[in-house]
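The values are calculated or read from the model by the stated rules, or taken from the named source; none is laboratory data. These numbers come from a predicted model, not from an experiment. Because the Cβ atoms are built from the backbone with ideal geometry, glycine has one as well, and the counts that use them run over all protein chains shown. The protein model used for the area step is the full one, side chains on, heavy atoms only, and it has no ligands, DNA or RNA in it. Shrake-Rupley method; radii C 1.70, N 1.55, O 1.52, S 1.80 Å.
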Amino acid sequence: MSNTREGKIVPIRIEEEIKTNFIDYAMSVIISRALPDVRDGLKPSQRRILYAMKELGLNPDAKHRKCAKICGDTSGSYHPHGEGVIYPTLVNLAQPWVKRYTLVEGQGNFGSVDGDPPAQMRYTEARFSRPTVDLLEDIDKETVDFAPNYDATTQEPTVFPGKFPNLIVNGATGIAVGMATSMPPHNLSEVIDGILAYIENTEIDIESLITHIKAPDFPTGGIIYGYQGVKDALLTGKGRIVMRGKATIEVNEQGRQQIIVTELPYMVNKALMIEKTAYLINNKKIEGIADLRDESGKDGMRVVYDLKKSAVASIVLNNLYQKTQLQAVFSVNNVALVKGKPQTLNIKELITAYVDHREEVITRKTQYEHKQATHKLHLLEGYIIAQENLDRVIELIKTAKTPHDAKLALEKAFALSEIQAKAILEMRLQRLTNLERNKIVKEHEATQKLLDYLNKVLAEKDLRMGLIKEDLAGLKKRYHDARKTDIEYDAAEFAIEDIIPNDPMVITVSHQGYVKKSPLNAYKSQHRGGVGSKGVTTKKGDFTTNIFVANAHDYLLIFTQAGKVFWKKVHKLPEGEKTTQGRAIQNLIAIQGDDKVITVLKVSQLKDPAYLKSHYIIFCTEKGIVKKTSLEAYARPRTKGIHAINIKEGDKLLDVRLTKGENHIILASRKGKAVRFPESEVRPMGRSSAGVKGMQVSEQEGDKVIGMISLDPSDNKSLLVLTEKGYGKRSSLGAYRITKRGAKGVKTLQVTSKNGPLVAMKAVTSKSEIMAVTSSGIALRTDVQALRSMGRITQGVRLVRVKTEDSIASVAIIQAAEEMVN
């Protein structure tokens with residue numbers, strides 16, 4: 001590539017030219033557009049708008065002026081861009097949900113927290129807010145440098161004096177080339193306390209500064225959830241701050257629970273948040289919300305979530321935090337221009353830059369005032385000389401042919417400077433009176449004292465620091481306000497279980513995959529032989545296959561027909577009344593459409609290594625295959641589940657039990673046979689293995705395994721069996737002799753046409769209770785104590801009155817402590 005320079009063709013490398021041009025462009029964006037100056041916290045466009053407003057005299061006590069006029073003057077004099085890009089910047093300076101302390105006071109429609117756009121600039125008006133006056137104070141006293149504007153027709157400030165610590169209290173955002181800034185706002189009173197602490201001790205560490213400047217303070221309020229990200233940001237200039245909206249749980253006049261949101265995380269669009277939340281509710285991603293509406297008005301923000309009767313408010317709120325912008329993250333990246341170069345700054349470096357800038361401003365202001373006072377003193381000294389030699393002065397002036405001659409005569413006669421002589425000639429006659437003479441003498445003394453003081457300020461750093469402290473005290477007095485954003489320091493250790501009672505719940509899972517939890521006390525105990533109460537409403541052709549008791553904080557391991565396992569906390573299941581159907585489990589776990597739940601196992605916890613290594617999972621299939629695997633293999637929950645067992649073709653997973661590795665395993669078949677063998681006969685296997693033969697069943701005779709029990713051999717529990725037509729009995733464990741794994745077993749119940757095939761076998765004590773559910777959804781809870789112990793081969797007695805067209809579908813045992821025994 002070649003280029004023409006001064007009439008010559010100069011060969012250059014295209015990659016070098018592109019690199020140079022891109023670097024120039026990048027630096028232009030960084031310095032002149034996207035990043036704030038560390039001294040006043042403003043970008044060039046913001047600074048030019050405010051300076052144009054100053055030139056228009058738009059102080060807080062002045063009349064508002066049209067934004068179109070402000071943008072026009074800014075574009076014409078200082079910022080050579082279209083008014084359409086200047087106006088959004090002006091609007092941003094006036095929005096109280098963006099700026100912690102607004103720099104512009106707007107009049108008219110300046111948008112809303114819902115993301116509504118502002119009115120056109122011809123309809124809105126603006127003037128300075130009070131902090132901007134402090135930001136610009138003393139700008140006319142040579143305190144900052146000025147530079148030519150874009151066309152060199154006037155001058156503009158390169159920075160503001162910045163008594164108001166704008167960058168720290170209002171923050172900044174901007175995207176440059178290859179870098180960005182994202183600085184959060186802070187509370188002014190806290191910032192001033194931190195600056196004062198730094199001035200008192202410039203060696204103060206950041207840990208001590210944090211006791212004053214605790215955390216960002218966002219204009220929209222909300223809650224900072226967890227403190228580590230805040231601390232990282234203050235210490236390093238980078239951090240991840242989790243913000244939450246402020247929500248309360250209330251009960252309305254109709255007794256319905258509501259979640260009321262009154263504050264949102266910083267920079268969250270309320271309308272978009274509500275829209276997304278409604279979408280998640282409609283698509284069953286968030287459960288338990290009956291209605292959602294925005295009741296915000298002139299009295300403040302109010303977003304109302306009406307909850308369903310069955311919903312747990314704390315869980316719904318937690319879901320809102322997790323799945324909507326009711327919880328958001330502010331990524332802190334404190335990048336600002338320091339002497340024209342981008343730099344990442346921690347809180348102490350930001351304070352240092354502010355104090356250094358203010359010291360320079362005060363020094364330059366003092367130098368300006370010193371120059372003005374010196375000039376004034378010089379003139380006053382000339383006045384005093386003139387008054388002391390009044391007659392001679394008048395004579396010289398009268399005899400002079402021209403004013404120039406009179407000036408020269410005064411200079412020569414009294415050794416005056418040209419400035420003094422000229423001032424005497426221009427002095428009004430009334431200043432020649434004795435009264436005015438006394439005033440001049442006093443003014444001279446006062447000016448001399450002022451000069452002495454200014455000399456001390458210039459010479460002594462402590463005096464300059466004292467002036468900064470006085471300025472800060474004045475700012476605090478004018479703008480002091482309480483924090484808007486609360487801080488939840490221990491949020492990182494917060495768990496939703498901390499606010500959910502660990503109550504026992506009855507878990508039901510149907511054949512077609514509907515699941516729910518219900519309070520245990522919703523089921524009433526009945527006497528033996530009762531007809532039961534309506535316990536579980538199911539769809540036609542559906543029936544309950546799993547029913548057990550678990551505490552709210554327990555884990556559920558959900559095993560499917562395809563041999564996969566999923567995890568779910570009990571308190572995260574949908575809650576329903578005894579007669580409700582529940583919710584399809586496909587909406588709770590990532591189960592495949594052609595798969596279905598076979599069994600659900602409760603586990604108290606999955607994080608204790610000793611507990612995991614001392615427990616095993618025992619699998620049993622309908623064909624009598626058993627497998628044992630360490631619980632540790634299932635201790636890492638995954639959203640999509642993991643493979644738990646390899647199921648052979650034609651077989652089905654029947655049951656899963658939790659053991660300690662030393663139990664006895666008892667399997668029972670539909671034909672009334674049972675086999676008992678030590679668990680040690682089944683060696684531990686991997687998750688993907690298929691298992692070994694546990695019981696021999698005759699497929700030709702339609703036999704299959706219907707249940708599995710895992711018991712400590714020293715346990716004094718007895719075995720309860722129940723048939724399809726509601727007959728049952730309990731027998732002692734000793735009645736079942738130990739056989740080899742894979743045997744046909746011994747008779748456990750005399751199966752006849754009267755009582756029907758065996759459907760369940762459970763381990764019970766005299767204090768246990770039976771909960772049986774029929775295929776039509778009738779539930780019965782009765783005491784085991786009412787059922788006497790019988791011989792192993794008897795046909796049992798009627799426990800549940802089952803209609804001719806109905807049959808027992810599932811059975812659960814509830815212990816006296818309301819715990820289900822596996």
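Counting only other residues whose beta carbon sits under 12 Å from that of residue 246, what net charge do I get with K and R as +1, D and E as -1?
Taking every other residue near residue 246 into account, the sum is 0.
Using the scaling law 2.2 N^0.38 Å as the reference, what is the normalised Cα Rg of the range 375-459?
1.19
Across the range 514-521, in residue order, what do the Karplus-derived ³J(HN,Hα) couplings come to in whole Hz, using 6.51 cos²θ - 1.76 cosθ + 1.60 with θ = phi - 60° and x for Gly and Pro?
With coefficients 6.51, -1.76 and 1.60, one gets 9, 10, 6, 10, 9, x, 4, 6 Hz.
Let me make sure I get this right: for the range 98-220, a, b and c are the square roots of the gyration tensor eigenvalues over alpha carbons, sorted descending. Under 1.5 in a/c it's rounded, otherwise prolate if a/b > b/c, else oblate. Which is it?
Since a/c reaches 1.5 but b/c is at least a/b, the shape of the range 98-220 is classed as oblate.
Determine the alpha carbon to alpha carbon distance for each of 246/270; 141/407; 163/270 and list only those over 23 Å.
141/407; 163/270
Points 7 angstrom from Cα along the Cβ direction at residue 605 and residue 306: gap in nanometres?
4.1
Which of rounded, prolate, oblate describes the range 64-165, given a ≥ b ≥ c as roots of the alpha-carbon gyration tensor eigenvalues and a/c under 1.5 marking rounded, otherwise prolate only if a/b is larger than b/c?
In terms of gyration-tensor shape, oblate.
Full-extension gain between residue 584 and residue 205, please, as 0.36 nm times their residue separation minus the C-alpha to C-alpha distance.
Computed gain between residue 584 and residue 205 is 130.8 nm.
State the Cα centre-to-centre distance between the range 63-116 and the range 398-468 in whole Å.
46
What is the set of long-range amide H partners of residue 606 at a cut-off below 5 Å, with H atoms built 1.01 Å from backbone N?
Correct list: empty.
First measure r as the distance between the Cβ atoms of residue 397 and residue 141, then evaluate 1/(1 + (r/R0)^6) with R0 = 30 Å and state the FRET efficiency to the nearest 0.05.
Step by step, r from the Cβ atoms, then E = 0.25.
Quote the relative contact order of the chain in percent (integer), defining contacts as alpha-carbon pairs under 8 Å separated by 6+ residues.
Dividing the mean separation by the residue count of the chain yields 9 percent.
How high is the FRET efficiency from residue 445 to residue 153, r the C-beta distance, R0 35 Å, rounded to 0.05?
0.20
Among rounded, prolate and oblate, which fits the range 620-687 when a ≥ b ≥ c are the square roots of the eigenvalues of its C-alpha gyration tensor, a/c under 1.5 means rounded, and a/b larger than b/c means prolate?
Oblate shape, in that a/c is at least 1.5 and b/c is the bigger or equal ratio.
Evaluate the Debye formula for the chain with equal point scatterers sitting on the alpha carbons, no solvent, and hand back log10 of I(q)/I(0) at q = 0.05, 0.09, 0.10 Å⁻¹, in q order, two decimals.
Taking Cα atoms of the chain as identical point scatterers yields -0.50, -0.96, -1.06.
Around residue 707, which amide H atoms from residues at least 5 apart in sequence, or from another chain, sit under 5 Å from its own amide H, with H modelled in the peptide plane?
Correct list: 668.
Under 5 Å between amide H atoms, partner at least 5 residues away or on a different chain: which partners does residue 726 have, H built in plane at 1.01 Å?
Sorted by chain and number, the residues that satisfy this are 808.
Counting heavy atoms of the protein chains only and a 1.4 Å probe, report the per residue accessible area for the chain as a whole number of Å².
47
What's the tally of Lys pairs in the range 711-777 whose alpha-carbon atoms lie under 22 angstrom apart, where the two lysines are 8 or more places apart or on different chains?
For the range 711-777, the number of qualifying lysine pairs is 17.
Find how many whole Å separate the alpha carbon centroid of the range 717-782 from the alpha carbon centroid of the range 645-707.
Answer, in whole Å: 17.
At a 1.4 Å probe radius, which order do 310, 630, 680 fall into by accessible area, largest first?
Heavy-atom accessible area, descending, gives 680, 310, 630.
If you roll a 1.4 Å probe over the range 87-189 with all protein chains in place, what percent of the accessible area is carbon or sulfur?
Ligands and nucleic acids excluded, carbon and sulfur give 51 percent.
Ordering 761, 179 from largest to smallest accessible area (1.4 angstrom probe), what's the sequence?
179, 761
Here are some pairs, 371/476; 339/469; 285/484; which of them have Cα atoms lying more than 28 Å apart in this structure?
Violating the 28 Å Cα-Cα cut-off are 371/476; 285/484.
If the limit is 18 Å between Cα atoms, which of 516/623; 627/652; 564/602; 568/596 go over it?
From the list (516/623; 627/652; 564/602; 568/596), the Cα-Cα distance tops 18 Å for 516/623.
So how do 437, 636 rank on accessible area, 1.4 Å probe, biggest first, that is with the largest at the start?
636, 437
Pulled fully out, how much extra length does the chain show between residue 282 and residue 752, if you take 0.36 nm times their separation in residues and subtract their Cα-Cα distance?
Length gained between residue 282 and residue 752: 164.0 nm.
Work out how much length residue 797 to residue 68 would gain on full extension: take 0.36 nm times their residue separation and subtract the Cα-Cα distance, in nm to one decimal.
Between residue 797 and residue 68, full extension yields an extra 253.1 nm.
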